[in-house]
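Below is one structure, written out as structure tokens; the observations come after it.
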Amino acid sequence: MTVIVRALSADAPRAAADDAGFAAVRRACVPAMLATPASVAFDRAQAHPDSGYRQLIAEVDGEIIGTAQVGLAYDSPEPGQGFANVYVHPERLGRGAGTLLLRTAEEYLAGAGAQTVYSWVLDSPANLAFAARHGYAARRSAHFLRLDLAHGTLPPREAPPAGVELVSGSVFADDARPFFALDAETVADEPSDVAAEFTDYEHWLAETWHHPLVSRELTTVALVDGVPAAFSLARADGAGRYASGMTGTARAHRGRGLAKAAKNDSLHRAREAGYTEAFTGNDAGNEPMLAINKWFGYEICDTEVRHVRTLG
């Protein structure tokens, strides 16, 4: 059976089925990464023009068995960096889909001016060996963590510190600039191989704030004197699964437990809304957030290793 790789497009005759198949493969490979047909279509439509973002699928006889997210790190101060994250359905391995997806992605990135390619690889012997065979060197690791909201025990809600107010992200529905400023500051300090900067508010609105998986109602923001000081951005798939999109604190307010308070409040909001599973992710070296998540009762459910290859 021949494997065919092609890029997703809103104009394709099977666009809806393609988006559904793409999301299904992602859920099968990495359950902690929320994906729905609507989010797949949204990510493609709202990608920044400078990112060159592409969604690739590998299919056999019309069945989608693998996916790749490919693009350029347009928001990095260092030019020439690309990414290619490849996933093949665990029940469809050994057909060459991963190799063909990666080759297609690398050829596209090279043509777009990328000099290095970063890729997240699941931490399993087979996946790590695949990356090594294709010339990728391991870098940092990141963990996915899961919390059983339906049967686990959340720490009780506690009153925030004096002068701090916990509010829903929906407070910023009409003007999200204060939230954007806080998100940009925390992202700049996030451990990563590829530095990122948020400077385009309008694009952030389109790509993040209006994303179909983002729940403003379940998001919690800690205000200090009416100004956002910490937050926990909530993502939800509408089918019982909740994920922390980002949790962070402004530099001037770190060390006060505000991120923990915001995340606890957001998790309680999610459980009260009927969500049964909560997921989050942390860089393996981010000990403060790993400690906070352990306190909540999260357990590591999967690990990915960032790999890099120089094109030449």
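The values are calculated or read from the model by the stated rules, or taken from the named source; none is laboratory data. Note that the structure is predicted; figures quoted are calculated from it, not measured. Here the Cβ is made from the backbone with ideal geometry for all residues, glycine too, and neighbour counts use every protein chain on show.
Some notes on this structure:
- Set ALA291, ALA259: member being at negative phi, exposed (fewer than 15 other Cβ atoms within 10 Å of the Cβ), in a helix (DSSP H, G or I) and of a type in the set (Gly, Ala, Ser): ALA291
- Residue among ALA41, ALA110 that alone is touching a strand residue (DSSP E or B) at 6+ places or on another chain (Cβ under 9 Å), of a type outside the set (Ser, Thr, Tyr) and outside the structural domain of GLY281 (by TED's automatic domain parsing): ALA110
- Note on the stretch 113-137: among residues that are within 13 Å of THR303 (Cα to Cα) and either in contact (Cβ under 8 Å) with a residue 40 or more places away in the chain or assigned by TED's automatic domain parsing to the domain that holds ARG26 (or both), the one that is farthest from the chain's Cα centre (by Cα) is LEU128.
- All positions within the stretch 113-138 that are part of a strand (DSSP E or B), out of contact with any Cys (no Cβ under 9 Å at 6 or more places or on another chain) and surrounded by 14 or more Cβ atoms within 10 Å (Cβ to Cβ): THR116, VAL117, TYR118, SER119, TRP120, VAL121, ALA138
- When GLY238 is tested against (1) surrounded by 16 or more Cβ atoms within 10 Å (Cβ to Cβ); (2) farther than 14 Å from LEU149 by Cα; (3) in contact (Cβ under 8 Å) with a residue 60 or more places away in the chain; (4) under 20 Å from the mean Cα position of the chain (by Cα), just one condition goes unmet, and that condition is (1).
- Taking residues in the stretch 1-22 that are at pLDDT below 95, and partners anywhere that are part of a strand (DSSP E or B), the pairs with Cβ atoms closer than 6 Å and at least 6 places apart or on different chains are MET1/VAL60.
Okay, residues lined up against (1) in a helix (DSSP H, G or I); (2) of a type in the set (Gly, Ala, Ser); (3) touching a strand residue (DSSP E or B) at 6+ places or on another chain (Cβ under 7 Å); (4) at pLDDT 95 or above:
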{"residue": "PRO160", "(1), (2), (3), (4)": "no, no, yes, no"}
{"residue": "ALA184", "(1), (2), (3), (4)": "yes, yes, no, no"}
{"residue": "ALA196", "(1), (2), (3), (4)": "no, yes, no, no"}
{"residue": "THR208", "(1), (2), (3), (4)": "yes, no, yes, no"}
{"residue": "GLU217", "(1), (2), (3), (4)": "no, no, yes, yes"}
{"residue": "ARG235", "(1), (2), (3), (4)": "no, no, yes, yes"}
{"residue": "THR247", "(1), (2), (3), (4)": "no, no, yes, no"}
{"residue": "GLY255", "(1), (2), (3), (4)": "no, yes, no, no"}
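- Test: ALA270 is buried (at least 16 other Cβ atoms within 10 Å of the Cβ) and either under 30 Å from GLY111 (Cα atoms) or not β-branched (Val, Ile, Thr) (or both): yes
- Test for VAL305: is it touching a Pro at 6+ places or on another chain (Cβ under 9 Å), in a strand (DSSP E or B), at pLDDT 95 or above and buried (at least 17 other Cβ atoms within 10 Å of the Cβ): no
- Some residue of the stretch 176-185 being in contact (Cβ under 8 Å) with a residue 60 or more places away in the chain, surrounded by 18 or more Cβ atoms within 10 Å (Cβ to Cβ) and in contact with a Gly (Cβ under 9 Å, 6 or more places away or on another chain): yes
- Conditions (1) out of contact with any Leu (no Cβ under 6 Å at 6 or more places or on another chain); (2) crowded, with 19+ Cβ neighbours inside 10 Å; number of the one not met by THR219: (1)
- Scanning the stretch 69-112 for residues that are of a type in the set (Lys, Arg) and over 17 Å from ARG27 (Cα atoms) turns up ARG95, ARG103.
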